[in-house]
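The values are calculated or read from the model by the stated rules, or taken from the named source; none is laboratory data. Treat the numbers as computed from the prediction; the structure is a model and nothing was measured. Quick reminder, even Gly has a Cβ in these numbers, built from the backbone with ideal geometry, and neighbours come from all protein chains shown. In case anyone asks, the SASA skips ligands and DNA or RNA and just uses the protein heavy atoms, side chains included. Shrake-Rupley method; radii C 1.70, N 1.55, O 1.52, S 1.80 Å.
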Amino acid sequence: MSMDVTGLPWAAQGIGLKHQHVAELLAQRADVDFLELHAENHMSAGGPFRDDLAAIAERYPLSVHGVGLSLGSAEPLDTAHLRRLVRLVDELRPALVSEHLAWSRLQGDCYNDLLPLPLTEESLAVVVRHVDETQQALGRRLLVENPSLYVHLDNTLEEADFLAELVDRTGCGLLLDINNAYISAHNLGRDLDAYLTALPLSAVGEFHLAGHHLDTNVTPPLRIDDHGSPVSDAVWQRYAQLSRWLPEVPTLIEWDARIPALSRWLEEVDLARFHHSAHRAPAATAEGGS
C-alpha cells in the first residue's frame with residue numbers, strides 16, 4: 001500500500017483511541033490504519049495510560065485532535081494550553097493534527113461545548129491570527145474542522161468562503177467532517193452540494209465520519225451530532241461521492257458516546273473501505289474544488 005506525505009497509507013481508515021480498547025489494541029494488531037486521540041485527554045504527564053500510549057504510538061500511526069484550543073475566541077490563545085499541545089505533538093509525532101472552527105473559552109472560563117462563531121471579516125482575522133500562532137508553535141500544518149450548526153448566526157461570509165480565506169491566508173488544511181456538513185445543511189436549509197463544491201477541496205487533509213440522530217421534539221426537527229451511533233446511510237452516500245473526488249484522503253470514524261466493542265467499530269471501518277471503493281470511477285474534480 002502506498003504512503004502519502006503524512007506517513008499514512010493511501011486512503012487510510014482510522015478510529016478513535018479509547019481506554020476501553022487499549023489492551024485489545026496492544027494484544028494484537030487491529031485491522032486499522034491509524035488511531036485518533038483527543039489531545040486534552042493526554043496532556044497530563046504520568047499514569048499507566050501514558051505508558052500504554054507510548055506503546056500504542058510504536059504500533060499505530062496517530063492523529064491528534066484538539067477540542068479545547070478555542071481558535072474562534074476573541075481573546076488571545078491560552079499559551080499554557082498551546083504549550084501542552086506542542087509538547088504532546090512533539091512526543092507522539094502524529095501523522096495529523098487538527099482543531100475546530102469554534103470557541104470554548106471566555107474570560108478564563110472554559111465551556112464543555114464547541115460553540116459557533118459569527119462568520120465575519122472580524123472573526124476571520126481572529127481565527128487567522130490564532131491558526132498562524134498555532135502552526136508556528138507546532139512547526140507544522142494544522143487541519144481545521146468545519147462545525148455542526150443548529151441556529152443561524154449574523155454571518156456576513158458564507159462558511160465555505162470563510163474556510164477558503166482561512167486556508168489562503170494561513171496555509172492550513174481542512175478536516176472535512178462530512179456528518180457535520182450534512183446536519184448543518186439540514187438544520188440551516190443549506191444547499192449541501194453547493195457548499196461542498198465551494199470548499200477548497202485541495203486543502204482537505206482528513207475526513208471525519210460520525211453518527212447523528214433526529215430530534216423531533218423541536219420544530220422544525222434538528223439533526224443532532226451525537227457521535228454515539230453508526231454513520232447514517234445519507235452520510236455514507238456523501239462519503240462515497242467525496243472519496244471519488246479525493247480518493248487519497250484519510251478517514252476517521254468517530255464514536256465518542258455509547259462506545260461499542262472494538263469489533264463493532266471495525267465493522268464501520270470495513271464499511272468505509274467498501275464505500276470508498278464501491279463503484280469506483282476515475283477520479284473527478286468537483287467544480288470550484290481546487
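The 3J(HN,Hα) values that the Karplus relation (6.51, -1.76, 1.60; θ = phi - 60°) gives for region 135-146 are, in residue order, 5, 5, 5, 6, x, 6, 6, 9, 9, 10, 8, 5 Hz. Gly and Pro appear as x.
In a reduced charge model with +1 at each Lys and Arg Cβ and -1 at each Asp and Glu Cβ, region 18-169 shows a dipole moment near 680 debye about its Cα centre. Residues considered: 223, 264, 84. Largest GNM mean-square fluctuation over the chain, using C-alpha springs under 10 Å, is found at 264. Mean sequence separation of contacting Cα pairs (under 8 Å, at least six apart), scaled by the length of the chain, corresponds to a relative contact order of 18 percent.
Count charges around residue 269 for me, please; just the other residues with Cβ under 10 Å from its Cβ, Lys/Arg as +1, Asp/Glu as -1. Neighbourhood net charge equals -4.
Only DSSP H runs of four or more residues enter the estimate; each adds -39500 (n - 2.57), and after division by the residues of the chain the mean residue ellipticity at 222 nm equals -11500 deg cm²/dmol.
Apolar share of the accessible surface for region 146-230: 50 percent from carbon plus sulfur atoms, 1.4 Å probe. Quick one: among 34, 49, 207, which has the greatest mean-square fluctuation in a GNM of the chain with alpha-carbon springs under 10 angstrom? For the chain, modelled as a Gaussian network with Cα springs under 10 Å, the answer is 49. Near residue 170, once Lys and Arg are set to +1 and Asp and Glu to -1 for all other residues with Cβ below 13 Å from its Cβ, the sum equals -1.
For the chain, the pair-distance distribution built from all alpha carbon pairs, in bins 5 Å wide starting at 0, is 1, 5, 12, 17, 19, 18, 14, 9, 4, 1, 0 percent. When the chain is treated as a GNM with alpha-carbon contacts under 10 Å, the residue of 187, 146, 217 showing the greatest mean-square fluctuation is 217. Restricting attention to the chain, close to 25% of DSSP beta bridges with both partner residues there are antiparallel.
Each peptide in 22-33, 166-177 was scored by the mean count of other Cβ atoms within 10 Å over its residues; highest first, the order is 166-177, 22-33.
Since only 130, 203, 14 are under comparison, the one whose Cα sits farthest along the positive direction of the charge dipole of the chain, derived from C-beta charges on Lys, Arg, Asp and Glu, is 14.
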